[in-house]
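Here is the structure we will look at, set down as structure tokens.
The values are calculated or read from the model by the stated rules, or taken from the named source; none is laboratory data. Just so it is clear, the structure is predicted and the values come from calculations on it, not from any experiment. Cβ: placed from backbone, ideal geometry, glycine included. Neighbour counts: every protein chain shown. Side chains are part of the model used for accessible areas, which takes the heavy atoms of the whole protein and leaves out ligands, DNA and RNA. Shrake-Rupley method; radii C 1.70, N 1.55, O 1.52, S 1.80 Å.
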Amino acid sequence: QLQLVESGGGLVQSGGSLRLSCAASGFGSGFGFRYYTAGWFRQAPGKEREVISYISTSGTTIKYADSVKGRFIISRDNAKNTVYLQMNSLKPEDTAVYYCAADMVFQHFIDSDYPASTLVDYWGKGTQVTVSS
């Protein structure tokens, strides 16, 4: 069973930066992290969990939600079984619990007839990011 553990959340002032990390472990036989699309979701109080960025297995395809485009950068290191989210120019509206996610199907990260949050298989427990004004 794939396990994901996030780190790097915290309290930051508006305009500041944070870097989230997500370490993966517990791969099935023959399926390393490089076989999984990985991404980040967030959920603010009273709101639905939303996908904000995801990255393909090789790192060649990257997508961002409009709300974070130009400010956040996702990357991965398959040798370290880790995916990162560099968050710059943070705003109070970025305050949320941030979840790392992974799935062997790239399309599960795409909101379609069903929200991506209902399709993705593996989740971390989340890390709180709070941006003060």
Regarding Asn81, is this residue open to solvent by less than 60 Å² (accessible area, probe 1.4 Å), on the phi > 0 side of the Ramachandran plot and more than 12 Å from the chain's Cα centre (by Cα)?
-> yes
Can you name every residue in the range 84-106 that is aliphatic (A, V, I, L, M), assigned to a loop (DSSP other than H, G, I, E, B) and open to solvent by 10 Å² or more (accessible area, probe 1.4 Å)?
-> Met104, Val105
Selection within the range 1-57 - without any contact (Cβ under 8 Å) to a residue 60 or more places away in the chain, part of a loop (DSSP other than H, G, I, E, B) and open to solvent by less than 20 Å² (accessible area, probe 1.4 Å) | Gly32, Ser56
State all residues of the range 107-117 that are open to solvent by 70 Å² or more (accessible area, probe 1.4 Å) and at pLDDT below 90; if no residue qualifies, say none.
-> Asp111, Ser112, Asp113, Tyr114
How many residues are assigned to a strand (DSSP E or B), under 12 Å from Ala38 (Cα atoms) and open to solvent by 50 Å² or more (accessible area, probe 1.4 Å) if we restrict to the range 58-76?
-> 2
